[in-house]
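All remarks here apply to the structure that follows.
The values are calculated or read from the model by the stated rules, or taken from the named source; none is laboratory data. No experiment lies behind these values; they were computed from the predicted model shown. Cβ sites come from the backbone with ideal geometry, for glycine too, and all protein chains shown count toward neighbours. To get the accessible areas, we keep the full protein, side chains included, count just its heavy atoms, and leave off ligands, DNA and RNA. Shrake-Rupley method; radii C 1.70, N 1.55, O 1.52, S 1.80 Å.
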Amino acid sequence: MSEAAVSHYLAEYDRFRDVLAASWPAQRRADALEYLKTHGFPTRRAEQWKYTDVSPITRRKFTLGKSPGAHIDDAPVEKLRFSRLNCHELVFMNGSFCAELSRNLRLPSGATVCALQSNGNAELLERYFGNEEIGHAFTALNTAFLNDGVLVHVPDGMEIPAPIHIIYLGGREDETQPSSMSHPRNLIALGRQASASIIETYAGIPGSEYFTNSHTSIQAQAGARLDYYKVQQESRRAYHIGRTRISQQADSRVDCHALSLGGKLARWDIDAELVEPGAEINLNGLYLTSDRQHVDNHTLVEHKQPHTTSNEHYRGIMNGRSRAVFNGKVIVHEQAQKTEAHQSNANLLLSADAEVDTKPELEIYADDVKCSHGATVGRLDENMLFYLRSRALDEDTARSLLTYAFADEVIRDIRFPEIRERLEHSIAGELPDTDLIKEFMQ
Amino acid sequence: MLTIKDLQVRIENKQILKGLDLAVNAGEVHAIMGPNGSGKSTLASVLAGRDGYDVTAGAVEYDGRDLFELSPEDRARQGIFLAFQYPVEIPGVNNIYLLKAALNAIRAHQGQPPLDAVEFLQVVRQKMQLVNMDESLLNRSVNEGFSGGEKKRNEIFQMAVLEPRLAILDETDSGLDIDALKTVAEGVNTLRNESRAIVLVTHYQRLLNYIVPDYVHVLSDGKIIRSGDRSLAVELEEKGYDWVRQGAKAA
C-alpha cells in the first residue's frame, strides 16, 4: 500500500513540478522525495503511529488538480473571519493564496507577512529554515509539494499589535472531480524581543473530501513573544495532517492554543525545543470528536538548557463512536537543570462507544527539576449533575453545561475576547445540546 | 405539605432508613437531629432526588403527589430546595448565570415570564444583603475556590432568590464560625413565613439557638425515636444522644 502511495506522489510531482513555487529550493524538494522513497509512509508498527492508521489517506489518490488552488465558493470564508477584530488576514483556497479575499496586509515597515509565492527573499528562508530535518513522511510530502503558505518575519524589537489570521479553505464543489490535496507551509520568524499573535484556521467546504497536509515552523529568538493559535475545523470528510515545529531561544515565550474540532481523520504533531535558558512554552489543547472521527494529538517538548519551562494542558471530549489519541512527551536533557515541566491531559467520554488512548511521557535526565504529569479519563461528574438538577436545570441542559464548561476551561483565558468568543462559538457548534445553554455563554 | 410514611431506604446493601415517619406543614420549621450515621443526610438526599438510594418501602407525598414520581429538577421547579452539606464546586459554570437559569426555570413552571437581566439583578441585589454575600462571588464559577463559609452563604443566598416552598438545610451549620453562623441564621429567619416550610438537618443544637424550630425530632438508627419542641434540643445538648437512645429502648 505504502509503495503504491509513494509511486502516486512521485508521479504527481512529475506532473506539477513546473508550477510549484520557484522560490523554494529544488534541492530541498529532491531531498524530500528521496526521504519518501526510502521511508515510505508510516504504519501502525511505528510507535509514533501506533494508534493512527494513515492508510485511509495513502489509499486515496489525492491530486493537486488541473490548476492548483482552483477557486471555490468564498462564502465560507466570511464565517471564518474575526469580524470585530482588527487583524491582518491571508486567505488560501486549496493551498493557493487568494489576494482578493485577503485584507489589511499593510504592516509596520520592516516586518514581512506575505504569501510564500510572492516572497523572493530566499536569504530569509535559508537563514531561518535552511536546515530543518525532515524526520516524518508527511513533512517530506509537504516539503516536496510546497507551493504556498505564509512567511512571517518580525524584526528585532518590533511588536505587531494586530493578530495575523491565516485561513486555509479546502475542498471542491464538484464532487465528480478527484479529491484535492494541499501542502501549506508557514514559516514564522520572530527576532529578538519581537512579538506577534498568529492564528491558523483550517476549514473546508462542508461534506467535501480533501487532504490538508500543513507544516508550520516557528523560530523565536531571544525574548520574543508569540501567541499562536491553530484551529482545525475541517470538513467531516477531510483528512488533516499537521505539524508545528517550534524552536525557542533565551527568555522567549510561546503560548500555543491548539483546537481540533473537525476532520474525519486528523493528526497534529507539535514538536517544541527550548534551546536556551529562560525559554517558556505553554501548550493548551482541546479536541472534540464525535460520530466516527479519529483525532490524534502528539506533542513533544524538549528542554535542552537550564531554567526552561513548559506547561501543557490538553482536554478532550469524545462522543459517538469516535476515537482520540493524546501522546505528550517531555524530555528533560541532562544539562537542563532547574527545568519546570508540567503536563496534564483530561478526557471526557460522552458515549460508551467512544475511545481515547492517552499517554503522557516524561523522560528526565537532569536531577534538579520540577516535573509533573497526569492523565484522566472519565464521565460527567454525578455530584455536579445532581447539584445543577437540584437547581431546576433539566438533565440535558445540565449535561450540556458541564460538557461545555469542561471544554471552555482550555480557552477561557485567551487574551483577545474576539478570538475567545469565536472559538467558544465553534466549540459550542460541536457539542451536544448547546442551544439549551445559550444564556450561559454570553 | 410533606408527609413521610414508613420510609425505608437502602444504599447498596445497607439499610439506612428503617421506617421513618414525619409530617411537615406550611409555616413550620422542623429540626432533625441525630448522631453521625443516623441517616440525616440520607433523608435530605432522598427528598431532593439524588441517585444511588433504593427506596425499599414507604411513601413520601409532597402537596398530595408522590414525590418519587418527580425528577430532581421537577422537585426544584415545584418548590423544593436542598441546601447542600457539601456544596459542589463546578468550574466553568458561572454562579450568577446558574441562579438566573434556575429562577427562570422555576418561573416557567409557575407560568410566569422570565426575568430580564435588569429585573434579575434587582432581585439579586436585594437578596445578597440578607446573607451578607460578597458581590465578587457572583461572577465566579459555582463555589469554585469559595471558603467553607462562603459556600454555605451561597446556598442560603440561592434559597433566598429561588423562594422555595420547602427548604431542606443539610448541616448548614457545619464548618461555620460563630459570626458566619449568625449571618446564615438571620438569612434563614427572614425567609420564614406562613407558606414556607423549613427542615433543618443538624448534628448540633447550636444552630437552633439562632433558628428556633417549632418541632425537634431525634433520628437514630434510621428512625425518629423522639419528637418534641425546642426544649428537646436543649435537653439533648445537656444529656447527649445516648440518653434518648436509652429512653427509646426502655420504652
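What's the number of the condition A:Val325 fails, among (1) open to solvent by less than 10 Å² (accessible area, probe 1.4 Å); (2) free of Cβ contacts under 8 Å to residues at least 60 places away in the same chain?
(2)
If you check A:Ala194 against the conditions, is it closer than 26 Å to A:His153 by Cβ and of a type in the set (A, V, I, L, M)? Working first, answer last.
Working: closer than 26 Å to A:His153 by Cβ: yes; of a type in the set (A, V, I, L, M): yes.
So A:Ala194 fits the description; yes.
Could you list, in sequence order, all residues of segment A:214-225 that are open to solvent by 10 Å² or more (accessible area, probe 1.4 Å) and of a type outside the set (A, V, I, L, M, F, W, C)?
Once the filter is applied, which keeps residues that are open to solvent by 10 Å² or more (accessible area, probe 1.4 Å) and of a type outside the set (A, V, I, L, M, F, W, C), segment A:214-225 yields A:Gln219, A:Gln221, A:Gly223, A:Arg225.
Quick one: A:Arg292 ticks every box in (1) surrounded by 24 or more Cβ atoms within 10 Å (Cβ to Cβ); (2) within 22 Å of A:Asp357 (Cα to Cα) except a single one, so which number is it?
Unmet condition: (1).
Could you say whether any residue in segment A:226-233 is open to solvent by 10 Å² or more (accessible area, probe 1.4 Å), under 22 Å from A:Arg422 (Cβ atoms) and assigned to a loop (DSSP other than H, G, I, E, B)? Give the derivation first.
First, the residues of segment A:226-233 that are open to solvent by 10 Å² or more (accessible area, probe 1.4 Å): A:233.
Now narrow it down to the ones that are under 22 Å from A:Arg422 (Cβ atoms): A:233.
Next, only the ones that are assigned to a loop (DSSP other than H, G, I, E, B) stay: none.
No - not one qualifying residue is present in segment A:226-233.
Kindly check whether there is at least one residue in segment A:356-372 that is over 18 Å from the mean Cα position of the chain (by Cα), closer than 18 Å to A:Ala405 by Cα and surrounded by fewer than 22 Cβ atoms within 10 Å (Cβ to Cβ).
The initial filter retains those residues of segment A:356-372 that are over 18 Å from the mean Cα position of the chain (by Cα), namely A:356-372.
From what's left, closer than 18 Å to A:Ala405 by Cα: none.
No, segment A:356-372 contains no residue that is over 18 Å from the mean Cα position of the chain (by Cα), closer than 18 Å to A:Ala405 by Cα and surrounded by fewer than 22 Cβ atoms within 10 Å (Cβ to Cβ).
Taking the conditions exactly as written (modelled with pLDDT of 90 or more, under 24 Å from B:Leu82 (Cβ atoms) and in contact with a strand residue (DSSP E or B) (Cβ under 7 Å, 6 or more places away or on another chain)), does B:Leu232 satisfy them or not? Write out each step before concluding.
On the way: modelled with pLDDT of 90 or more: yes; under 24 Å from B:Leu82 (Cβ atoms): no; in contact with a strand residue (DSSP E or B) (Cβ under 7 Å, 6 or more places away or on another chain): yes.
No; evaluated as a whole, the condition is false for this residue.
Those residues that are of a type outside the set (Phe, Trp, Tyr), buried (at least 17 other Cβ atoms within 10 Å of the Cβ) and either touching an Asp or Glu at 6+ places or on another chain (Cβ under 7 Å) or part of a strand (DSSP E or B) (or both), I need them from segment A:81-108; list them, please. Please lay out each step first, then the result.
Applying the first criterion (of a type outside the set (Phe, Trp, Tyr)) to segment A:81-108 yields A:81, A:83-91, A:93-96, A:98-108.
Remaining after also requiring buried (at least 17 other Cβ atoms within 10 Å of the Cβ): A:81, A:85, A:87-91, A:93-96, A:98, A:101-102, A:107.
Of everything in segment A:81-108, those that are of a type outside the set (Phe, Trp, Tyr), buried (at least 17 other Cβ atoms within 10 Å of the Cβ) and either touching an Asp or Glu at 6+ places or on another chain (Cβ under 7 Å) or part of a strand (DSSP E or B) (or both) turn out to be A:Arg81, A:Leu85, A:His88, A:Glu89, A:Leu90, A:Val91, A:Met93, A:Gly95, A:Ser96, A:Leu101, A:Ser102.
Working only within segment B:22-61, note down all residues that are in a strand (DSSP E or B), touching a helix residue (DSSP H, G or I) at 6+ places or on another chain (Cβ under 8 Å) and under 22 Å from B:Ile211 (Cα atoms).
Listed by number, the residues that qualify are B:Ala31, B:Ile32, B:Met33.
Would you call A:Glu409 more than 29 Å from B:Gln110 (Cβ to Cβ), within 7 Å of chain B (Cβ to nearest Cβ) and open to solvent by 40 Å² or more (accessible area, probe 1.4 Å)? Walk me through how you get there before you give the answer.
On the way: more than 29 Å from B:Gln110 (Cβ to Cβ): yes; within 7 Å of chain B (Cβ to nearest Cβ): yes; open to solvent by 40 Å² or more (accessible area, probe 1.4 Å): yes.
Criteria met by A:Glu409.
Only residues that are outside any helix (DSSP H, G or I), surrounded by 13 or more Cβ atoms within 10 Å (Cβ to Cβ) and of a type outside the set (D, E, K, R): list them for segment A:109-134, please. Let's see the steps before the verdict.
Of the residues in segment A:109-134, the ones outside any helix (DSSP H, G or I) are A:109-115, A:119-121, A:130-134.
Add one more test, that the residue is surrounded by 13 or more Cβ atoms within 10 Å (Cβ to Cβ), and what stays is A:111-115, A:119, A:121, A:132, A:134.
The answer is A:Ala111, A:Thr112, A:Val113, A:Cys114, A:Ala115, A:Asn119, A:Asn121, A:Ile134.
Condition check: modelled with pLDDT of 90 or more and at positive phi. Does B:Glu171 satisfy that? I'd like the intermediate steps shown before the answer.
Working: modelled with pLDDT of 90 or more: yes; at positive phi: yes.
It is true that B:Glu171 is modelled with pLDDT of 90 or more and at positive phi.
Yes or no: A:Ser344 open to solvent by less than 20 Å² (accessible area, probe 1.4 Å) and either touching a residue at least 12 places away in the same chain (Cβ under 8 Å) or in a helix (DSSP H, G or I) (or both)? Don't jump to the end; show me each part of the working.
Values: open to solvent by less than 20 Å² (accessible area, probe 1.4 Å): no; either touching a residue at least 12 places away in the same chain (Cβ under 8 Å) or in a helix (DSSP H, G or I) (or both): yes.
Taking the combined requirement at face value, the residue does not satisfy it.
Going through segment A:138-181 one residue at a time, which ones are open to solvent by 10 Å² or more (accessible area, probe 1.4 Å) and in contact with a helix residue (DSSP H, G or I) (Cβ under 9 Å, 6 or more places away or on another chain)?
Scanning segment A:138-181 gives A:Asn147, A:His153.
Sort out which residues of segment B:1-49 are at pLDDT 95 or above, open to solvent by 40 Å² or more (accessible area, probe 1.4 Å) and of a type in the set (D, E, K, R), and write them in order of number.
Within segment B:1-49, B:Lys5, B:Asp6, B:Arg10, B:Lys18, B:Asp21 meet the criteria.
What's the number of the only condition in (1) in a loop (DSSP other than H, G, I, E, B); (2) exposed (fewer than 15 other Cβ atoms within 10 Å of the Cβ); (3) within 25 Å of the chain's Cα centre (by Cα) that A:Pro42 fails to meet?
Only one criterion in (1) in a loop (DSSP other than H, G, I, E, B); (2) exposed (fewer than 15 other Cβ atoms within 10 Å of the Cβ); (3) within 25 Å of the chain's Cα centre (by Cα) is unmet by A:Pro42, namely (2).
Applying the selection to segment A:388-399, what residues are more than 8 Å from chain B (Cβ to nearest Cβ) and among the basic types (Lys, Arg)?
Residue satisfying the conditions is A:Arg399 alone.
From the list A:Leu402, A:Leu350, A:Leu385, pick out the single residue that is within 12 Å of B:Ile90 (Cβ to Cβ) and more than 8 Å from chain B (Cβ to nearest Cβ).
Details: A:Leu402 fails: more than 8 Å from chain B (Cβ to nearest Cβ); A:Leu350 fails: within 12 Å of B:Ile90 (Cβ to Cβ).
Among A:Leu402, A:Leu350, A:Leu385, only A:Leu385 is within 12 Å of B:Ile90 (Cβ to Cβ) and more than 8 Å from chain B (Cβ to nearest Cβ).
Hey, A:Asn383 hits all of (1) closer than 16 Å to A:Leu348 by Cβ; (2) crowded, with 18+ Cβ neighbours inside 10 Å; (3) without any contact (Cβ under 8 Å) to a residue 12 or more places away in the chain but one; which does it fall short on?
The single condition A:Asn383 does not satisfy is (2).
Out of the residues in segment B:127-178 meeting the condition of being open to solvent by 10 Å² or more (accessible area, probe 1.4 Å) and among the hydroxyl-bearing types (Ser, Thr, Tyr), tell me which one is nearest to B:Tyr210 (Cα to Cα).
Applying the filter and picking the extreme gives B:Ser174.
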